[in-house]
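The values are calculated or read from the model by the stated rules, or taken from the named source; none is laboratory data. Since the model is a prediction, treat every value here as computed from it, not as a measurement. So basically every Cβ, Gly included, is an ideal-geometry build from the backbone, and we count neighbours across all protein chains shown.
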Amino acid sequence: MHVQEWLDTVPAAAVYAVVGLVIGLESLGIPLPGEIILVSAALLSSQHGGVDPVVLGACATAGAVIGDSIGYAIGRRGGRPLLAWLGKKFPRHFGEAQVATAERSFTKWGMWAVFFGRFIALLRIFAGPLAGVLHMPYWKFLIANVLGGIAWAGGTTAVIYYVGVVAEDWLKRFSWLGLVVAVLIGATSMLVLRRRARKTETVPAPEAETS
């Protein structure tokens, strides 16, 4: 069963809980399809009056911020041995190459890596634990974590919700043509967000404090 079809069969409260939980666990450092769940739920909210997009966005943001904070605490306590253990359990996500890439981003960009990492799948999983391992000052991590969570979770929910509304309205008027245009709008919006996140690698940013 497709994710959206499954979400459509459960109460709104369960949708909010599932979205918050999955995103929270992903942010904590467990490889889960948080973005897929969020997009499916946001699209569902545009077609299902019982699912409030504002509440959905708030739950997604809370899951992202809380999950990242727990991941930070675990990373700070577990240190490098934790990354080695994760590498054995999840070699495709926490292998030496992936860890090295994420670590370079954090060392160079600091809290900007936490913020823009929200829009990049690999860094979204790494952000909390790696920031803790590198001993990034928690107040810096928290600011970037909260702002990044709001921008990613709230922004994704809003964009997909309005795309869904437009798609439904256009489908009534222009059949398949409306759906095609709406999907293109949504895809373009997401690509722009991702491209801006990646472009931060070419923009000078303050170096991170590691102690």
Filter result (free of Cβ contacts under 8 Å to residues at least 40 places away in the same chain and in contact with a helix residue (DSSP H, G or I) (Cβ under 6 Å, 6 or more places away or on another chain)) within segment 123-146: Leu123, Ala144
So, in segment 97-113, how many residues would count as being within 21 Å of Glu35 (Cα to Cα) and in contact (Cβ under 8 Å) with a residue 40 or more places away in the chain? 2
Among the residues of segment 129-145, is there at least one that is among the aliphatic types (A, V, I, L, M), modelled with pLDDT of 85 or more and within 14 Å of the chain's Cα centre (by Cα)? yes
Sort out which residues of segment 6-40 are closer than 22 Å to Leu147 by Cβ and among the small types (Gly, Ala, Ser), and write them in order of number. Gly20, Gly24, Ser27, Gly29, Gly34
Tell me yes or no: at least one residue of segment 75-97 is at pLDDT below 85, closer than 12 Å to Pro129 by Cα, aromatic (Phe, Trp, Tyr) and out of contact with any Ser or Thr (no Cβ under 7 Å at 6 or more places or on another chain). yes
For segment 16-133, which fully contained helices (runs of 4 or more DSSP H) count at least 1 residues that are surrounded by fewer than 22 Cβ atoms within 10 Å (Cβ to Cβ) and among the acidic types (Asp, Glu)? 34-47, 96-109
